[in-house]
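The values are calculated or read from the model by the stated rules, or taken from the named source; none is laboratory data. What you see is a predicted model, and the numbers here were worked out from it, not measured in a lab. Positions of Cβ are backbone-derived with ideal geometry, glycine not excepted, and every protein chain shown enters the neighbour counts. Surface accessibility is based on the protein's heavy atoms, side chains included, excluding ligands, DNA and RNA. Shrake-Rupley method; radii C 1.70, N 1.55, O 1.52, S 1.80 Å.
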Amino acid sequence: MTKTIANAAQNFTQSGSLARVSQRGVLALMLGTVALPVSGVWAQQVLSGPQNFTQSPTGSPLVVTTDSTFSVDTTGLSGGGGKGINLFSTGGISFTDDNQAAITGYTTGINAINSDSLVNGVHQGTSLTITTTGVVTGKSDSGYSADGILATNEYGGDLTISVASVISAGNGIHASGVQNTGALSITATGAVSGGSFNANSLGIDASNEGTDLTISATTVTDGIRALNKGSGLLSITTTGEVTNRINAYNKYGTDLTIDVANVSGNILAKNYGTGALAITAS
């Protein structure tokens, strides 16, 4: 079940300005410059109860949270057989689960695509943020593999993923910033695993075209691949074991830094940027 809560107030970036948000949209008194990420009717949506079909809330911007009763599993006989959660927006996405919800998809656990829209011919640089505290799972069947979390920010700004554990037969976490202007950040406090079904899949597969690409994780099964085509740094930090390999490429940015505990396999790092290349293995 999806509950909708209209927002009567929201914080905005302001400079010498006053801004007021009503349920009908955004009213701004322009005394300077106000950066308004929202226009028109919008609402926070709350996912609730145990579900067995794909949850597909809609909105632009799309702001979704969970309550303490929520879970989704589309793998059962009565399930819909699709993704656990499917998110799409043209004005930014924020998905937050602070209730340790079990999110399981017959295919992908969480699928999120933000395709930033044009306003007066200019992309607004909206963000895509995913936060989970439970276990996110992407399963496979009959020769089909899927990702635990698949997130893409097209033409937007930052892409931020903060998770506990992610399990998948495809890629554990597959994140891409495509023609974006911001940073891509992945933080995993629990184990991330992928590739049990497909030998070409990885625990974490990330690419960015904006600024920085940073990955901070504990244990990662089936390796990490990171490609930064942005203007900033590429940083990979892990405190547990990474199995298979780490492949890191910094094409146009600055520093490339890898700080790991234990890697079974190899580390391949190439820095074509203007900064240093540093690898530390404890």
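By DSSP, the beta bridges lying fully in region 161-258 are antiparallel in about 0 percent of cases.
As a size descriptor, the averaged projected area of the C-alpha convex hull of region 45-109 was calculated at 3.9 nm².
Cα centroids of region 238-273 and region 123-176: 20 Å apart. Note on PHE88: accessible area is roughly 110 Å² with a 1.4 Å probe, heavy atoms of protein only. Taken per residue, the accessible surface of region 180-277 reaches 40 Å², heavy atoms only and a 1.4 Å probe.
Taking only the Cα atoms of region 92-205, the ratio Rg/Rh comes out at 1.01, with Rh defined as the Kirkwood radius. When the surface is traced with a 1.4 Å probe over the full set of protein chains, TYR272 keeps roughly 130 Å² accessible. Once the C-beta distance of SER282 and GLN179 is scaled by a Förster radius of 35 Å, the resulting FRET efficiency is 0.45 to the nearest 0.05. Rolled with a 1.4 Å probe across the full set of protein chains, the surface gives HIS174 an accessible area near 50 Å². For the listed peptides 218-230, 178-190, 148-160, a ranking on the average number of other beta carbons within 10 Å per residue, highest first, reads 148-160, 218-230, 178-190. Taking a ≥ b ≥ c as the square roots of the eigenvalues of the Cα gyration tensor, an a/c ratio of 1.5 or more together with a/b larger than b/c marks region 177-282 as prolate. Candidate cross-link partners of LYS229 among the aspartates and glutamates, defined by an alpha-carbon separation under 20 Å and a same-chain spacing of 8 or more, comprise ASP116, GLU154, ASP158, ASP205, GLU209, ASP212, ASP255.
Here the gap between LYS270 and LYS3, fully extended at 0.36 nm per residue and compared with their Cα-Cα distance, gives a gain of 91.4 nm.
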